Structure formats: C-alpha cells, structure tokens
Amino acid sequence: MKRGKMKLYIPLAKIPVEYKEITVDYYNGGYRFYGVAKDICKSWKYFFTVSRPCGSFESGLVNIYKTSKKGVYALKTYFDGCFNPFVCYTRLSAEVVKAIDDLWVFLNEKNKRG
C-alpha cells in the first residue's frame with residue numbers, strides 16, 4: 001500500500017457546521033506494528049485532526065502532522081481493528097490548508113477565555 005487515495009472530511013468555519021469532502025493522494029503508506037509513540041517522528045508538529053469514512057473496526061480519525069520538509073504532511077490513522085497505525089505522506093493543496101487555517105481562526109475567536 002505504497003500509494004493510494006484517502007477521503008477526508010474537513011469542517012468549514014461556520015455555524016451550523018458543514019464538512020468539505022476532499023480526496024488526497026498519499027505516498028509511502030504503510031503499517032507500523034511497533035509502539036504508537038515511535039510512529040510520530042520528533043520533527044513532526046501536530047497540525048490538525050479530521051475525520052474519514054470508516055468501517056466498524058477502524059478509526060475514523062486522521063491526525064495530520066507538519067513534517068520538516070516544506071509542503072509535506074504526514075497522515076496517521078488506524079485500520080485493522082484499531083491496532084495497527086497506518087502512516088503515510090501527502091501534499092495538501094493550498095485550498096485545504098487555507099480551510100484548516102480558517103477553521104483555527106474561527107475557533108480561536110469564538111473560544112477566547114476572558
């Protein structure tokens with residue numbers, strides 16, 4: 001499973017919440033059978049969590065990390081009984097990154113602590 005496509009649902013910055021469905025191409029995808037903590041490289045920075053369509057024995061969450069390479073993101077989700085993390089890389093389009101950034105601004109404005 002080196003290359004493939006993954007469907008993601010990204011929430012839009014408005015109320016009521018609507019989701020944008022996008023399909024991303026990934027590469028260097030593979031299962032990691034060792035500890036979860038080792039699946040996240042030290043150079044990765046957490047970026048966002050989105051959802052994806054899933055079966056009854058899978059996780060519907062996809063963690064997105066910024067990597068040390070410019071414009072490359074790592075995706076991590078769980079398949080196969082939620083025990084085996086699937087890790088891959090992708091280049092998110094500028095439109096997707098802007099939608100996520102807009103959502104961050106929207107949430108931070110609405111949830112300011114006084």
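The values are calculated or read from the model by the stated rules, or taken from the named source; none is laboratory data. As the structure is a computational prediction, the values presented were derived from the model and not from experiment. Note that we place each Cβ from the backbone using ideal geometry, even for glycine, and neighbour counts take in every protein chain shown.
Observations on the model:
- Members of the range 1-20 found to be surrounded by 13 or more Cβ atoms within 10 Å (Cβ to Cβ) and part of a loop (DSSP other than H, G, I, E, B), listed by number: Leu12, Ala13
- Pairs with Cβ under 7 Å, 6+ apart, first in the range 5-19 and under 19 Å from Thr77 (Cα atoms) and touching a residue at least 12 places away in the same chain (Cβ under 8 Å), second acidic (Asp, Glu) and part of a strand (DSSP E or B): Lys5/Asp25; Lys7/Glu21; Tyr9/Glu21
- Residues in the range 21-42 that are surrounded by 11 or more Cβ atoms within 10 Å (Cβ to Cβ) and either at pLDDT 85 or above or part of a loop (DSSP other than H, G, I, E, B) (or both): Ile22, Val24, Asp25, Tyr26, Tyr27, Asn28, Gly29, Arg32, Ile40, Cys41.
- Hey, Tyr65 surrounded by 19 or more Cβ atoms within 10 Å (Cβ to Cβ), more than 11 Å from the chain's Cα centre (by Cα) and not β-branched (Val, Ile, Thr) or not: no
- Criterion violated by Val72 - all others in (1) loosely packed, with under 13 Cβ neighbours inside 10 Å; (2) at pLDDT 85 or above; (3) not acidic (Asp, Glu) satisfied: (1)
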